[in-house]
């Protein structure tokens with residue numbers, strides 16, 4: 001069974017215990033047993049969590065809110081994955097390549113990177129006349 005099927009199986013098991021409830025309903029509360037059950041299914045022996053990127057909760061609690069720009073946030077998450085997620089301090093890549101990988105138009109990528117630089121969240125350094133930019137996360141929270 002694939003990793004994806006195992007994870008989906010765990011989520012499915014968790015949701016089945018709460019069938020008929022919705023996320024806006026305050027009665028939609030997962031018990032510790034529900035979570036443990038889903039986690040057990042999701043973390044079966046074929047699941048490899050070594051290939052996962054862990055994000056600090058403050059990214060979602062603080063940065064996502066303060067940015068209030070979903071596309072800039074997507075680019076930040078991409079750069080987090082490409083640096084911290086790969087145990088690196090920088091990522092050398094072009095705007096065109098980021099555009100292809102995250103599905104955002106190149107001119108919008110440039111605009112959102114500029115926003116992240118202005119807010120001192122990332123550093124972007126152009127290397128000579130090349131299209132390659134070296135990105136570094138400044139504020140990893």
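Computed from the coordinates by the stated procedures, all read-outs in this text should not be read as laboratory data. Here the structure is a predicted model, which is why all the values come from computation and not from measurement. Because the Cβ atoms are built from the backbone with ideal geometry, glycine has one as well, and the counts that use them run over all protein chains shown.
Scanning the range 102-109 turns up no residue that is touching a strand residue (DSSP E or B) at 6+ places or on another chain (Cβ under 9 Å) and more than 22 Å from residue 129 (Cβ to Cβ).
Scanning the range 77-94 finds no residues that are touching a helix residue (DSSP H, G or I) at 6+ places or on another chain (Cβ under 9 Å) and surrounded by fewer than 11 Cβ atoms within 10 Å (Cβ to Cβ).
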